[in-house]
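So the structure is just underneath, and the comments pick up after that.
The values are calculated or read from the model by the stated rules, or taken from the named source; none is laboratory data. Remember, predicted model here, so these are calculated numbers, not experimental data. A quick note on method: Cβ atoms are made from the backbone with ideal geometry, for glycine too, and the neighbour counts reach across all protein chains shown.
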């Protein structure tokens, strides 16, 4: 009788997979360190000088790296530094939020080249699809006007929206975008743009942004505590973004995490949505960011009252993150207005004791990252760049996972 049990095994690799990995390692070294010579790259990556030379030649032919002027130091051999070419690749990032959608284009280094936003209609995907596709097309068209080779070097479209994804929770939770959760977004975007599309939650996208150009740049273990309409955690573990089995890793905002024993999820108390409710501000107001920033800047007592409540829960969130993941640092990031973020950081001290208390720390235990409404869209754009060029285990395999 034939045994139909599924055989469980990791995929093997071959020479092509090894070459792809080494190429990604080289690009990553130049991204993290800036300009390096071939000898520098050989020492840093532990590859042979011949392998490094072959890869650098290949990357130079592909327009991804460029040589600088030769450096002569004393009697030693002259060296030629190489660095990444920003216009070597482009990507588009898309944020879909409850009341607004944002799109932007970045180059290989994560520099924002063009961006645009538009309000989303209240009827969800039914009216929102055209708005989103038109916005992506406008950004793509403007990018093409700036760089004639942009279409040839466009590596993909990254999309980000609030999670969780694929759950069976059918309640009309205002913190969840229920209509969008069941909509075939990836298929719609791929068909409408002709691009390879990736989807992640907004906290993961913010972590991508911090990893590419922010406080997590060059770190292998960091957790980004995302404070937006909801709350989430973007997990950078072992140098890669960890998304979990269903893309829902880090959904800490859904945790029933309160020392007071209240049953409401964390994000119902400590998110920006909770603050909007507390201040009686319409989150769909185009000036909502400026209004909250102004109130936080003027020591409005209502903001202080919310802070007193939110900080208690967020302290325990940081403690839990540190205890479970042992990161190098926890980074507060997201769409919180700058004045509010600074007040929140100050109020978080002292942090709850945890395994993260070490005298030999090289980075802060808890630090402020991006406070920018565009951070999620930036992280969404970083995802296709990461997928195409960053070292990752799946890139070595014969069949990507």
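Surrounded by 20 or more Cβ atoms within 10 Å (Cβ to Cβ) and farther than 16 Å from residue 372 by Cα - does that describe any residue in segment 276-286? Scanning segment 276-286 turns up no residue that is surrounded by 20 or more Cβ atoms within 10 Å (Cβ to Cβ) and farther than 16 Å from residue 372 by Cα.
The rows are residues; the columns are (1) more than 15 Å from residue 375 (Cβ to Cβ); (2) buried (at least 22 other Cβ atoms within 10 Å of the Cβ).
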site: 69; (1), (2): yes, no
site: 78; (1), (2): yes, no
site: 96; (1), (2): no, yes
site: 103; (1), (2): no, yes
site: 106; (1), (2): no, yes
site: 111; (1), (2): no, no
site: 118; (1), (2): yes, no
site: 125; (1), (2): yes, no
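Every listed requirement among (1) within 20 Å of residue 377 (Cβ to Cβ); (2) buried (at least 23 other Cβ atoms within 10 Å of the Cβ); (3) modelled with pLDDT under 95; (4) touching a helix residue (DSSP H, G or I) at 6+ places or on another chain (Cβ under 6 Å) is met by residue 271 save one, (4). For segment 364-378, the condition of being farther than 17 Å from residue 226 by Cβ and assigned by TED's automatic domain parsing to the domain that holds residue 253 holds for at least one residue.
Would you check if there is a residue in segment 80-101 being more than 23 Å from the chain's Cα centre (by Cα), more than 22 Å from residue 209 (Cα to Cα), modelled with pLDDT of 95 or more and part of a strand (DSSP E or B)? Checked segment 80-101: at least one residue is more than 23 Å from the chain's Cα centre (by Cα), more than 22 Å from residue 209 (Cα to Cα), modelled with pLDDT of 95 or more and part of a strand (DSSP E or B). Looking only at residues of segment 299-328 that are over 17 Å from residue 348 (Cα atoms) and in contact with a helix residue (DSSP H, G or I) (Cβ under 9 Å, 6 or more places away or on another chain), we find that the one that is surrounded by the most Cβ atoms within 10 Å (Cβ to Cβ) is 327.
Taken over segment 177-205, the residue count meeting the criterion of being more than 19 Å from residue 126 (Cβ to Cβ) and in contact (Cβ under 8 Å) with a residue 40 or more places away in the chain is 12.
Counting only helices (runs of 4 or more DSSP H) that sit wholly inside segment 317-401, those with at least 3 residues that are modelled with pLDDT of 95 or more and touching a strand residue (DSSP E or B) at 6+ places or on another chain (Cβ under 8 Å) are 338-347, 375-389.
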